[in-house]
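Working notes, beginning with the structure itself.
The values are calculated or read from the model by the stated rules, or taken from the named source; none is laboratory data. Bear in mind that the values here come from a model prediction, so they are computed numbers and not experimental data. Cβ placement follows ideal geometry from the backbone for every residue including glycine, while neighbour counts extend to all protein chains displayed. We work out accessible area using only protein heavy atoms, side chains counted, and drop any ligands, DNA or RNA first. Shrake-Rupley method; radii C 1.70, N 1.55, O 1.52, S 1.80 Å.
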Amino acid sequence: MIKVENIDKIYGRFKAVDNVSFHIGKGEIVGLLGPNGAGKTTIMKILTGYHYPTHGTAMLNGYSIYDDLLKVKESTGYLPEMAPLYDDLTVIEYLDFMADIRKVPKSRKKEEIDRVIQECGLTPVVYRGIGKLSKGYRQRTGLAQAIIHSPDILILDEPTTGLDPNQIIEIRKLICDIGREKTVILSTHILQEVEAVCNRVLIMNHGKIVAEGTPETIRDQVQKDDRFTIEVSGLVDTNVVKALEAVSNILSTESIDGKTVIKISAPKGNSTGERIFDWAVQNGLRLSALVPEQTSLEDIFRKLTNQAGV
Ligand code: ATP
């Protein structure tokens, strides 16, 4: 559905997108995740024909951005970061206008407008001026214009920016619903968005894709070792703790509320959990907890993009 091959985008002397390639199949919702300035919007503008790449190619729905731009535009719906709304129009006037712009045949126009009003939950505000809508309804209206011509591909640039938590949940649900029938690429710098909405993520930094996959596969690629927190009742002799070094690296040892809490890391797939049980039995210790620790997606994102915070 979307095929991007070796795209560069150079603004003046600055390379905003650096040799990016990816494929997105039918029915996928893919998140383009990255810190500010990573190049997400630039890629979306290339996919929607607002910018040409300096090098490389992109095909959408089988159409080239160079040779079939009109077909590309027919196949895609785009919701830019700032939805292109006209505050003086009512919702229905705006959708009627956008249906004309998107060349929806006159014979189908009413049906299509009714469909997007329904799909985007706009019924209560159909006759309200866009300038008087809440941010949530503005975003719904933006989504409605993006799908008015029934595109196969939907491109959404930071679709939940500026919304309150309830509106965020509603818009994410709407994207999931729409995404069942379409191919969706959405940009975000919110990790929870990716986990809530996307089947797959492309992580960008400084114009490059630095990781790709499901959150789980990315975690697997980045996390090189297994980590455990071991809790043992009572105090544990230093030499006994040291014996754990045979199976792992000891990261820390603490006494908390009459328990010894030991954090360790060990090479993946080394039956470390079983070895820890053996160690406890051999030393007559009572394990009160053995917890495998997963690196959070936040930590992975920080590691890949060298961010101090997200
Ligand atoms: P954000 O999350 O802040 O929207 P982004 O990942 O979408 O960031 P882009 O908007 O694609 O990033 O910008 C990538 C880089 O290219 C940034 O350093 C930006 O300043 C630069 N850039 C974007 N558009 C232009 C332009 N028209 N001319 C020059 N530089 C640009």
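Quick one: what are the phi-derived ³J(HN,Hα) couplings along the range 202-218, Karplus 6.51/-1.76/1.60 with θ = phi - 60°, whole Hz, x for glycine and proline?
Going residue by residue, I get 10, 9, 10, 8, 6, x, 10, 8, 9, 6, 8, x, 6, x, 5, 5, 5 Hz, with x marking Gly and Pro.
With labels modelled as points extended 7 Å from the Cα through the Cβ direction, what inter-label distance (nm, one decimal) is found for Lys173 paired with Thr161?
Placing both labels 7 Å beyond Cα along the Cβ direction yields 2.5 nm.
At 1.4 Å probe size, with every protein chain present, just tell me what the per residue accessible area of the range 157-310 comes to in Å². Please list the in-between numbers first.
Details: 8130 Å² over 154 residues.
With the other protein chains kept in place, the range 157-310 gives 53 Å² per residue.
Probe of 1.4 angstrom, ligands and nucleic acids ignored: what's the accessible area per residue over the range 1-138, in square angstrom? Walk me through the numbers on the way to the answer.
Numbers: 7210 Å² over 138 residues.
For the range 1-138, the per-residue accessible area is 52 Å².
What lysines does Lys182 reach when the alpha-carbon gap must be under 18 Å and sequence neighbours fewer than 8 apart in one chain are set aside?
Partners within reach: Lys3, Lys26, Lys71, Lys73, Lys173.
Read phi for every residue in the range 129-141 and hand back ³J(HN,Hα) as whole Hz from Karplus 6.51 cos²θ - 1.76 cosθ + 1.60, θ = phi - 60°, with x for Gly and Pro.
x, 4, x, 9, 7, 5, 4, x, 6, 4, 5, 4, 5
Mind giving me the nanometre distance, one decimal, between the label points for Phe97 and Asp237, set 7 Å out from Cα along Cα→Cβ?
Placing both labels 7 Å beyond Cα along the Cβ direction yields 8.2 nm.
Explain nothing, just compute: Karplus ³J(HN,Hα) = 6.51 cos²θ - 1.76 cosθ + 1.60, θ = phi - 60°, for every residue of the range 119-124 in order, whole Hz, x for Gly and Pro.
Working through the residues one at a time gives 4, 9, x, 9, 3, x Hz.
What residues have an amide H closer than 5 Å to that of Val210, excluding those fewer than 5 places away on the same chain, when H is modeled at 1.01 Å from N in the peptide plane?
Here the answer is Ile203, Met204, Asn205, since their amide H atoms fall under 5 Å of that of Val210.
For Leu156, enumerate residues with amide H under 5 Å from its amide H, sequence gap 5+ or separate chain, H modeled in the peptide plane.
HN-HN under 5 Å from Leu156: Leu79, Ile185, Leu186, Ser187.
Could you work out how far the C-alpha centroid of the range 256-303 sits from that of the range 50-91, in angstrom?
If you average the Cα positions of each part, the centres end up 50 Å apart.
Please list, in chain and number order, the residues 5+ apart from Ser64 or on another chain whose amide H is under 5 Å from its amide H, with Hs placed from the backbone.
Under 5 Å from the amide H of Ser64 lies no amide H from a residue far enough along the sequence or on another chain.
Work out how much length Asp114 to Arg180 would gain on full extension: take 0.36 nm times their residue separation and subtract the Cα-Cα distance, in nm to one decimal.
Working: separation 66, 0.36 × 66 = 23.76 nm, distance 1.95 nm.
Between Asp114 and Arg180, full extension yields 21.8 nm more.
Heavy atoms only, probe 1.4 Å: what % of the accessible area of the range 123-233 goes to carbon and sulfur, would you let me know? Write down the numbers at each step before the final one.
Numbers: 2260 of 4570 Å².
Ligands and nucleic acids excluded, carbon and sulfur give 49 percent.
Reachable aspartates and glutamates from Lys103, Cα under 17 Å, same-chain residues fewer than 8 places away excluded?
The qualifying aspartates and glutamates are Asp68, Glu74, Glu93, Glu111, Glu112, Asp114, Asp152.
Give me the net charge for the shell around Ile250: Cβ to Cβ below 15 angstrom, other residues only, Lys and Arg +1, Asp and Glu -1. Could you put the intermediate results ahead of the total?
On the way: positive: Arg227, Lys242, Lys263, Arg275; negative: Asp225, Asp226, Glu231, Asp237, Glu245, Glu254, Glu293.
Here the charged neighbours net out to -3.
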